[in-house]
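Following: one structure in structure tokens, then a few remarks.
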Number of protein chains: 2
Amino acid sequence: MIQSVERALSLLDHIAEHPESSHNLAEMTEFLGVDKSSVFRLLSTLAKHGLVRQDESRKTYQLGFGIYSLAAALRSQVKITELAAPFLKRVALATKENAHLAVRSGLSAVFVDRERASKTIAANTSIGDSEELHCTAVGKCLVSHLDRAAIGLLFEGVELTRYTDRTIVDVEALAAEIAAVKAAGYAVDAEEYEKNVVCLAAPVRNFEGVVEAAIGISGPKERMEAQMDAFVAIVRDAGLELSAMLGAR
Amino acid sequence: MIQSVERALSLLDHIAEHPESSHNLAEMTEFLGVDKSSVFRLLSTLAKHGLVRQDESRKTYQLGFGIYSLAAALRSQVKITELAAPFLKRVALATKENAHLAVRSGLSAVFVDRERASKTIAANTSIGDSEELHCTAVGKCLVSHLDRAAIGLLFEGVELTRYTDRTIVDVEALAAEIAAVKAAGYAVDAEEYEKNVVCLAAPVRNFEGVVEAAIGISGPKERMEAQMDAFVAIVRDAGLELSAMLGAR
DNA sequence: CAATCATATTGCGAATGGTACAACGCTATT
DNA sequence: AATAGCGTTGTACCATTCGCAATATGATTG
């Protein structure tokens with residue numbers, strides 16, 4: 001771990017996570033807790049590579065468009081999205097709900113692709129959005145290949161945020177739920193993150209049995225519950241077929 | 001400019017720009033020209049923040065999904081109108097016609113910004129106005145990333161209103177026209193909405209290749225047709241440059 | 001199955017490069 | 001005009017990073 005790189009990336013994350021505050025040099029210095037000259041040089045270096053840009057009046061720093069270039073490169077290099085695209089389309093078409101593909105990044109589920117359904121009222125997630133693992137269907141899928149010990153290690157010392165009265169906030173209960181997901185081959189988020197929103201997801205496993213991604217849908221409680229059985233079949237089949245393409249048995 | 005940050009970001013750029021070669025530690029070391037232990041630590045730091053990830057077998061490094069999170073944050077922080085403003089000005093100045101920026105909302109193209117040219121006789125659209133997709137240049141641009149099936153779905157059961165004898169009212173013909181727009185990289189509305197008014201527009205694509213907006217001009221038939229070739233170049237270049245800022249390639 | 005090779009990872013002393021401090025410049029505000 | 005608040009640049013010291021070498025891991029060979 002290289003300290004100055006660590007600091008530079010922290011600055012980047014800080015800007016990304018706090019769109020509300022105006023990020024001038026003083027504010028960034030306050031955040032990092034080192035001298036402003038160091039912060040200035042860190043930001044200059046980031047700016048040189050287009051990851052941040054300073055307002056023309058030099059007063060505030062914002063995220064830079066170089067990020068888009070990286071995102072475009074990432075998109076073209078990652079193969080799982082290409083593989084999954086037809087499945088997403090199929091799921092979205094069959095369920096008439098928005099379908100999405102997520103991968104895990106640390107303790108987050110990051111959405112890497114999505115397919116819109118025609119419905120006007122629908123859950124709206126964008127590529128790049130990330131959600132927590134413990135309260136989402138895709139999140140639970142993404143850790144469903146881990147054993148009890150690994151789950152414990154992953155969530156060790158992590159506070160599971162409560163979002164609704166159904167959110168699982170106890171690691172022990174979460175581990176049990178994940179075991180159930182593993183056995184069933186799919187996961188449900190029944191208003192555990194947002195009231196009136198129900199999600200359904202299935203894991204995508206590679207040849208090693210490791211969950212590489214999760215494919216899921218989400219929508220209003222009534223629509224989802226009314227056809228739950230049919231939807232489970234659709235989503236789980238998509239996950240299984242996609243897994244098969246990655247060599248899973 | 002801080003050396004280690006500089007090096008870390010160079011590694012990131014290198015991975016992004018060379019999808020073909022397999023980026024193992026040796027290759028990255030060769031590229032940077034410093035000791036492999038340093039490269040290892042730089043990559044580890046990048047990996048900790050999700051900007052790169054190492055293949056499960058630890059052999060190769062790829063771009064990480066944390067990039068998507070940054071891209072999502074950037075997208076939510078940047079308003080397209082701010083970005084587009086200088087381009088609108090440039091286009092209006094170069095063509096001496098009114099320039100406007102439109103985004104799609106359902107089956108409408110909504111004008112979100114405009115730049116007036118000096119001409120007294122000119123098409124007059126205001127911010128907030130909306131026009132139909134099938135009979136306007138910006139409208140055709142805004143759906144030019146969709147494939148034939150999506151076009152069909154979008155206009156399914158929709159009556160395409162005839163405004164002039166040149167208005168395209170057949171979905172089949174419209175789909176062909178949109179395919180032509182996609183290929184050409186710009187769209188023309190030759191009196192398809194209003195007699196004697198010609199419009200010209202180019203799509204603005206993001207890093208996903210999705211058309212987020214359209215930039216266009218409109219004016220009286222004679223002025224527009226007299227300089228059509230030059231105008232096409234001006235508008236299309238503006239669209240391409242703006243797209244590049246959003247990470248399109 | 002041992003041996004060898006190729007690769008990634010870790011420990012550690014040396015010195016480079018980053019940091020803090022201070023000085024400077026710029027703009028706005030009184 | 002003076003002051004204050006910010007960003008930017010110069011510099012010397014010393015913490016951090018670097019390169020070297022040792023170790024670990026895993027693949028390939030005879």
B:Thr164: accessible area at probe 1.4 Å, nearest 10 Å²? 20 Å²
Treating cross-link reach as a plain straight distance, find the lysines whose alpha-carbon is under 22 Å from the alpha-carbon of A:Lys59, omitting any fewer than eight places away in the same chain. A:Lys36, A:Lys48, B:Lys79
Consider just the alpha-carbon atoms of chain B and return their Rg together with their Dmax, both in angstrom. 22.7, 71
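Using only alpha carbon pairs under 8 Å that are at least six residues apart, calculate the relative contact order of chain B and give it in whole percent. Don't skip to the answer; put the middle values down first.
Numbers: 412 pairs, mean separation 36.3, N = 249.
Relative contact order for chain B comes out at 15 percent.
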Give me the dipole magnitude in Debye, nearest 20, for region B:78-245 about the Cα centre, with unit charges on the beta carbon: positive for Lys and Arg, negative for Asp and Glu. 540 debye
With one decimal in nm and the nearest listed first, the spacings from B:Val34 to its own position in the other copies, using label points 7 Å along Cα-to-Cβ, are 1.3
Nearest-ten-degree value, helix B:228-245 long axis tilted from longest Cα axis of chain B: 30 degrees
Relative to the longest principal axis of chain A, what angle (0 to 90°, nearest 10) does the C-alpha long axis of helix A:3-17 take? 60 degrees
For chain B: accessible area per residue (Å², 1.4 Å): 45 Å²
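Could you work out the local net charge near A:Arg166, counting Lys and Arg as +1, Asp and Glu as -1, over the other residues with Cβ closer than 11 Å to its Cβ? Spell out each step's value before the answer.
Values: positive: A:Arg162, A:Lys195; negative: A:Asp165, A:Asp189, A:Glu191, A:Glu192, A:Glu194.
Around A:Arg166, the charge tally is -3.
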Which value, in square angstrom to the nearest 100, describes the accessible area buried between chains A and B on both sides, using a 1.4 angstrom probe? 4700 Å²
Dipole axis of chain B (+1 Lys, Arg; -1 Asp, Glu on Cβ), positive-most option in B:Leu88, B:Ala173, B:Ala202: B:Leu88
Lys and Arg at +1, Asp and Glu at -1: neighbours of B:Ala190 with Cβ under 12 Å from its Cβ sum to -3
Using the 7 Å Cα-to-Cβ label point, sort the distances from B:Val210 to its equivalents in the other copies shortest first and give them in nm to one decimal. 2.9
Give me the one-decimal nm value for the distance between modelled label points at A:Asp35 and B:Glu159, 7 Å along each residue's Cα-to-Cβ direction. 7.5 nm
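Restricting attention to region A:140-249, which GluC sites (Glu not before Pro) occupy a DSSP loop and are surrounded by at most 14 other Cβ atoms within 10 Å?
On the way: sites: A:Glu156, A:Glu159, A:Glu172, A:Glu177, A:Glu191, A:Glu192, A:Glu194, A:Glu208, A:Glu212, A:Glu222, A:Glu225, A:Glu241; in loops: A:Glu156, A:Glu159, A:Glu191, A:Glu192, A:Glu194, A:Glu208.
Sparse-neighbourhood loop GluC sites (Glu not before Pro): A:Glu156, A:Glu159, A:Glu208.
If you keep only loop residues by DSSP, which trypsin sites (Lys or Arg not before Pro) in region A:1-83 have at most 11 other Cβ atoms within 10 Å of their Cβ?
Working: sites: A:Arg7, A:Lys36, A:Arg41, A:Lys48, A:Arg53, A:Arg58, A:Lys59, A:Arg75, A:Lys79; in loops: A:Arg58, A:Lys59.
Sites meeting the loop and neighbour criteria: A:Arg58, A:Lys59.
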Among the trypsin sites (Lys or Arg not before Pro) within region A:182-241, which fall in a DSSP loop and have no more than 12 other Cβ atoms within 10 Å of their own Cβ? A:Lys195
Sorted largest first, the C-alpha extents of region B:3-73 along its principal axes in whole angstrom are 34, 28, 20
In Å, what is the Rg of the alpha-carbon atoms in region B:114-249, and how long is Dmax? 14.6, 42
Solvent-accessible surface (1.4 angstrom probe) belonging to A:Tyr163, in square angstrom, nearest 10: 90 Å²
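Relative contact order for region A:1-117 using alpha-carbon pairs under 8 Å, separation at least 6, rounded to a whole percent? All intermediate terms of the calculation are to be shown ahead of the outcome.
Numbers: 118 pairs, mean separation 18.7, N = 117.
Relative contact order of region A:1-117: 16 percent.
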Would you tally the net charge around B:Asp147, using a Cβ to Cβ cut-off of less than 13 Å, leaving B:Asp147 out, and scoring K and R as +1, D and E as -1? +2
Using Cα centres only, tell me the gap between region A:52-121 and region B:13-27 in whole Å. 22 Å
B:Leu146 accessible area, nearest 10 Å², 1.4 Å probe? 40 Å²
Hey, any idea what Rg/Rh is for the protein assembly as shown, computing Rh the Kirkwood way over Cα pairs? 1.00
Which order do B:Met245, A:Met1 take when ranked by solvent-accessible area (1.4 Å probe, heavy atoms of all protein chains), largest first? A:Met1, B:Met245
Ranking A:His145, A:Gln62, A:Leu107 by how far each Cα lies towards the positive end of the charge dipole of region A:62-155 (+1 on Lys and Arg Cβ, -1 on Asp and Glu Cβ), the top one is A:His145
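Rounded to the nearest 500, what is chain A's calculated 222 nm mean residue ellipticity when only DSSP H runs of at least 4 contribute -39500 (n - 2.57) each, over all residues?
On the way: 10 runs with 116 residues, N = 249.
Helix contribution divided over all residues of chain A: -14500 deg cm²/dmol.
The values are calculated or read from the model by the stated rules, or taken from the named source; none is laboratory data. The structure presented is a predicted model; accordingly, all values stated were derived computationally and were not measured. With ideal geometry, Cβ positions are generated from the backbone for all residues, glycine too; neighbour counts draw on all protein chains shown. Protein only, heavy atoms only, side chains kept; ligands, DNA and RNA dropped before computing areas. Shrake-Rupley method; radii C 1.70, N 1.55, O 1.52, S 1.80 Å.
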